[in-house]
Amino acid sequence: MLDAILIFDLDGTLFRTETVTVPAVRGAFAAHGLTPPEEGEIAALIGTSTEDYRRWLAGRCPADLAERVERMAVARELALIPGAGALYDGIPRALSALRAEIATLAICSNGPAAYVEAVLAGCSIAGLFDVVRPRREDDADKSQMVHDLLAEARSLLRGPGVVIGDRWDDIEAAHANGLPAIGAAWGYASAGELDEADLVIDDPRDLRSTALRLLQSVA
């Protein structure tokens, strides 16, 4: 087993978030008599921080409805995860293989704790991860989150690490902490967002081989 850590983003990297977030947000808007946003508009927000999401809601909802729409969307999202939530094709097999080959697997997500826990449990992958770091209200950014995660994980290992994610802040967080980054091009990144990644892959089925190759190159 390789003494190393793989740090995975969740939304857009492992989890096909649009399977729950799009219907949850559109349903919450409709329930409050508001025109539901288009799928692409919602998808562009997936993987961003709660603060960014709330700013978007504030611009799309009357001031007296934004908080209620948010609460309903969150509740609908959590309710949908067990039945409708799905991982990307190839991710379950890749994670199972990596679990047997890499000492430490971790999650670092901009999602809040209840959401992250629901996704990991609903997709039956919670037991694959040694460290899980959801977004907290006082987190400055994902670079800080990866720093904190590494501080916790270093009690388990001393080897190299790689961050895998689909948004610019995953790449930034990796490099800010001296780690290489793999861009997951199947996720929600806009054009050019993954340009600074050390490697970019288009197919989740290539995740295992790419992660192992990059880890071995920096070991």
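The values are calculated or read from the model by the stated rules, or taken from the named source; none is laboratory data. Since the structure is predicted, the reported quantities are computational estimates derived from the model, not experimental observations. Don't worry about glycine lacking a Cβ; one is built from the backbone with ideal geometry, like all the others, and counts go over all protein chains shown. SASA here: full protein model, heavy atoms, side chains in, ligands and nucleic acids out. Shrake-Rupley method; radii C 1.70, N 1.55, O 1.52, S 1.80 Å.
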Tell me which residues, restricted to segment 174-194, are charged (D, E, K, R) and open to solvent by 40 Å² or more (accessible area, probe 1.4 Å).
none
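This table checks each residue for (1) in contact with a Ser or Thr (Cβ under 6 Å, 6 or more places away or on another chain); (2) open to solvent by 40 Å² or more (accessible area, probe 1.4 Å); (3) of a type in the set (S, T, Y); (4) in a helix (DSSP H, G or I).
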residue	(1), (2), (3), (4)
T19	no, no, yes, yes
V22	no, no, no, yes
A30	no, yes, no, yes
L34	no, no, no, no
Checked segment 69-84 for anything small (G, A, S) and open to solvent by less than 20 Å² (accessible area, probe 1.4 Å); matches are A73
What's the number of the only condition in (1) part of a helix (DSSP H, G or I); (2) farther than 16 Å from T17 by Cβ that L105 fails to meet?
(1)
Which of the residues that make up segment 195-219 are over 16 Å from L14 (Cβ atoms) and either surrounded by 16 or more Cβ atoms within 10 Å (Cβ to Cβ) or touching a Gly at 6+ places or on another chain (Cβ under 8 Å) (or both)?
A197, D198, L199, V200, L212, L214, L215, A219
If we scan segment 206-216, do we find a residue that is within 25 Å of T50 (Cβ to Cβ) and at pLDDT below 95?
no
Log entry, pairs with first residue in segment 49-75 being more than 16 Å from T17 (Cβ to Cβ), second being β-branched (V, I, T), beta carbons closer than 8 Å, six or more apart or on different chains, reads L57/V69; C61/V69
Would segment 141-162 turn up any residue that is assigned to a strand (DSSP E or B), of a type in the set (K, R) and touching an Asp or Glu at 6+ places or on another chain (Cβ under 7 Å)?
no
Just wondering, is there one or more residues in segment 142-154 that are in contact (Cβ under 8 Å) with a residue 60 or more places away in the chain, open to solvent by 60 Å² or more (accessible area, probe 1.4 Å) and out of contact with any Pro (no Cβ under 8 Å at 6 or more places or on another chain)?
no
